[in-house]
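**Q** Submitted below is the structure of interest, expressed as structure tokens.
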Amino acid sequence: MPPTAVETQSNQTFTAGATAPIATLEHITKRYSNGVVALDDLSLTLRPGEIIALLGPNGAGKSTAVKLMMGLSSATSGSVRVFGADPRNTATRLRTGVMLQVGRAPEMLRVREHITIFRGYYPSPMPYAQLIQAAGLEGIEERFFGQLSGGQKQRVLFALALAGDPDLLFLDEPTVGLDIESRRTMWAQIRSLAARGKTVLLTTHYLEEADALAHRIIVINKGRVICEGTPAEVKSLGATAANPTATNGVAGTASRSLKIIRCATVLPPSTLNGIPGVTSIEVAGTLTTITSTQPEATLREMLALDPTLHSLQVNSPALEDAFLSLTRD
Amino acid sequence: MSTTAIVLPARTNTLGILLTEIRFEFLRALRTRAFSLSVIGFPVMFYTLFGLVMNHDAVSHGIIIGKYMLGGYAVFGLVGASLFGIGVGLANELSAGWLELKRASPMPPLAYLLAKCVSAMAFGVLIVSILCLLGVLFDHVPLTFAEYGKMIALTVVGAIPFACMGLVLALLVPANSAPGIANMIYLPMSFLSGLWIPIFMLPKALRSIAPLLPTYHLWQLMLSIFNYQDTSASTLGHWFGLAVFTVVMLAVASFAFRRREQAS
């Protein structure tokens, strides 16, 4: 799938020099020693104060891209810059916080001890009390890591990422295993970090999370950027990808008002096809699902033609639908 | 750019980081009972049974058996601390992704390895001290302070080759089989070097293997403190043997590390 209009747009913003980027990947190719190409000429830019969500199916190259920016892996070709320098420099690492999917942290150390160790790495760490509060660790500071629940472990790892009060945060699946309340708390924390000018790059499997949190979503598949934009833009692009007839190459105009209409109707698909705006029809049992680019007009017509129409539902296409259609083979 | 960019990064306190890492690595290892109990318990138990109970106050050809065995079990103990502390500990943290998180942090990578090494040395010192105490208290082993001091010094230095061996183990062996494989190396190697039963009591065919093993050379150095060593070989030769072993282990470790890096 070729890169979309949104991507070029954001590149223009960058070259125009609106803001100096915090981190960049430029034309990165990463080929593993076993010949697998994880990243294929991938470029992306992180700007200050942004929350960026990196989305993609398993094996898409998300974690490879993040590892390159953390300086844990080196690219076969292309350049990686974080704060204008090599990500492996200590000076760069002092300004970066990292939360990785860790199977097991040393279990026989207390939460407080883990935090003490990590705070010690930085010349001006986040104050201890503030850190405990930000990660929601009050009351479990004296527990051994091995005694914590999955969600508590995740929060400790979040605290370790924040320990140095970094300007750039990499969060790999930060809310895995968290209950709804802890997840919302972490989201609020991430938002307030961005509000303080920090840049946050997160990978997630929860599309809801990307939708709620990210200023910008970058969808990766097979080592390439498929599309990039605000959650709304990505959703409409996904809808376009799912319904190529909906637009005539102009992404984001007709499809922005795209809605999914579900109802029980007696109208046959042949009639529905003739109604203005309808782009696709799917009948499952008594329920008909219609995608329309002019939902108001479509509905007016349908209601006029079928007075028995009931069980009506009108939805915006979800990020999930967009994601599935964008990453489809 | 945020205002924090203006703040000049203060000098990072490398020594402070190292000391913190050492302190918590030792504490962690001590609290991990599966490790601390077995690594301290086995040499203590073996020395008590074979040295103190079976050969109580025994003297043979002018050699005090309790003291002779103290040398062997001291080496057995310190090798176990290094091999398991570093080999198994590191293998676990590698596979759990913990090391990766540490590497992404500003921690100097050497601090991590040194902390593990120093912690293993501290365990070695602890084990050797307990063994000495047992020998002196319950078997009337005549041990001077000078001899004890030399044993401790040799324990610290002798931990290095086996720390390197542990490093190789951690880099080559998957975490779940690391303890098993460490035992498969540790126990036969200790037996064949004569750490458990004096080497002259082993079958002739096995005796020739000992000089090929690093534990044998460390054992002979330990015995030379009491002047109990096999006089047919020089002390210098034993040091040379350990040095060669250390270099080989480091070379294998750096090769294994590079191969790992390329795959990541």
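The values are calculated or read from the model by the stated rules, or taken from the named source; none is laboratory data. Remember, predicted model here, so these are calculated numbers, not experimental data. Counting neighbours? That spans all protein chains shown, and the Cβs are built from the backbone with ideal geometry, glycine included. Calculation scope for accessible area: heavy atoms of the full protein, side chains included, ligands and nucleic acids excluded. Shrake-Rupley method; radii C 1.70, N 1.55, O 1.52, S 1.80 Å.
**Q** Take the range A:240-279 and flag every residue that is among the small types (Gly, Ala, Ser), surrounded by fewer than 19 Cβ atoms within 10 Å (Cβ to Cβ) and modelled with pLDDT of 65 or more.
**A** Result: A:257, A:264, A:270, A:274.
**Q** Could you tell me whether any residue of the range A:26-36 is within 14 Å of chain B (Cβ to nearest Cβ), of a type in the set (Val, Ile, Thr), out of contact with any Phe, Trp or Tyr (no Cβ under 9 Å at 6 or more places or on another chain) and open to solvent by 10 Å² or more (accessible area, probe 1.4 Å)?
**A** yes
**Q** Which condition number does residue A:70 fail, the rest of (1) within 11 Å of another protein chain (Cβ to nearest Cβ); (2) open to solvent by 10 Å² or more (accessible area, probe 1.4 Å); (3) modelled with pLDDT under 95 being met?
**A** For residue A:70, the exception is condition (2).
Listed here are the residues, each with its yes/no results for (1) open to solvent by 10 Å² or more (accessible area, probe 1.4 Å); (2) free of Cβ contacts under 8 Å to residues at least 40 places away in the same chain; (3) closer than 24 Å to residue B:246 by Cβ.
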{"position": "B:91", "(1), (2), (3)": "no, no, yes"}
{"position": "B:109", "(1), (2), (3)": "yes, yes, yes"}
{"position": "B:112", "(1), (2), (3)": "yes, no, yes"}
{"position": "B:126", "(1), (2), (3)": "yes, no, yes"}
{"position": "B:141", "(1), (2), (3)": "no, no, no"}
{"position": "B:150", "(1), (2), (3)": "yes, no, yes"}
{"position": "B:153", "(1), (2), (3)": "yes, yes, yes"}
{"position": "B:166", "(1), (2), (3)": "no, no, yes"}
{"position": "B:169", "(1), (2), (3)": "yes, no, yes"}
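To keep it simple, each residue is scored yes or no on (1) under 30 Å from residue A:103 (Cα atoms); (2) of a type outside the set (A, V, I, L, M); (3) in contact with an Asp or Glu (Cβ under 6 Å, 6 or more places away or on another chain).
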| position | (1), (2), (3) |
| --- | --- |
| B:197 | no, no, no |
| B:229 | no, yes, no |
| B:242 | no, no, no |
| B:248 | no, no, no |
| B:262 | yes, yes, no |
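**Q** Mind listing just one residue for me: the one in the range A:97-129 that is more than 7 Å from chain B (Cβ to nearest Cβ) and open to solvent by less than 10 Å² (accessible area, probe 1.4 Å) and, of those, nearest to residue B:105 (Cα to Cα)?
**A** A:97
**Q** Right, next: Looking only at the range A:68-86, count every residue that is within 23 Å of the chain's Cα centre (by Cα), in a loop (DSSP other than H, G, I, E, B) and in contact (Cβ under 8 Å) with a residue 40 or more places away in the chain and tell me the total.
**A** 3
**Q** Moving on to the next point. Within the range B:110-123, is there a residue that is part of a helix (DSSP H, G or I) and farther than 30 Å from residue A:88 by Cβ?
**A** Yes.
**Q** Taking the range B:71-106, which residues are within 12 Å of another protein chain (Cβ to nearest Cβ) and either in contact with a Phe, Trp or Tyr (Cβ under 7 Å, 6 or more places away or on another chain) or aromatic (Phe, Trp, Tyr) (or both)?
**A** Listed by number, the residues that qualify are B:98, B:102, B:105, B:106.
**Q** Taking the condition free of Cβ contacts under 8 Å to residues at least 12 places away in the same chain and open to solvent by less than 30 Å² (accessible area, probe 1.4 Å), does residue B:202 pass?
**A** For residue B:202, the condition - free of Cβ contacts under 8 Å to residues at least 12 places away in the same chain and open to solvent by less than 30 Å² (accessible area, probe 1.4 Å) - is met.
**Q** May I pose another question? Only residues that are free of Cβ contacts under 8 Å to residues at least 60 places away in the same chain and either open to solvent by less than 10 Å² (accessible area, probe 1.4 Å) or more than 10 Å from chain B (Cβ to nearest Cβ) (or both): list them for the range A:43-67, please.
**A** A:45, A:58, A:59, listed by residue number.
**Q** Filtering the range B:41-88 down to residues that are part of a helix (DSSP H, G or I) and in contact with an Asp or Glu (Cβ under 8 Å, 6 or more places away or on another chain), which residue is modelled with the highest pLDDT?
**A** Going through the qualifying residues, I end up with B:66.
**Q** What number of residues within the range B:222-238 satisfy the criterion of being surrounded by 15 or more Cβ atoms within 10 Å (Cβ to Cβ) and over 15 Å from the mean Cα position of the chain (by Cα)?
**A** So the count comes out to 8.
**Q** Identify the residue in the range B:36-83 that is among the aromatic types (Phe, Trp, Tyr) and open to solvent by less than 30 Å² (accessible area, probe 1.4 Å) and, among all such residues, is nearest to residue A:145 (Cα to Cα).
**A** Filtering first and then ranking leaves B:76.
**Q** Where residues in the range A:294-329 are within 26 Å of the chain's Cα centre (by Cα) and of a type in the set (S, T, N, Q), which of them is surrounded by the fewest Cβ atoms within 10 Å (Cβ to Cβ)?
**A** It comes out as A:315.
**Q** Those residues that are within 14 Å of chain B (Cβ to nearest Cβ), of a type in the set (Gly, Ala, Ser) and out of contact with any helix residue (DSSP H, G or I) (no Cβ under 6 Å at 6 or more places or on another chain), I need them from the range A:151-190; list them, please.
**A** Answer for the range A:151-190, where residues must be within 14 Å of chain B (Cβ to nearest Cβ), of a type in the set (Gly, Ala, Ser) and out of contact with any helix residue (DSSP H, G or I) (no Cβ under 6 Å at 6 or more places or on another chain): A:161, A:164.
**Q** Looking at the range A:77-96, which of the residues that are more than 11 Å from chain B (Cβ to nearest Cβ) and out of contact with any strand residue (DSSP E or B) (no Cβ under 7 Å at 6 or more places or on another chain) is farthest from residue A:28 (Cα to Cα)?
**A** A:85
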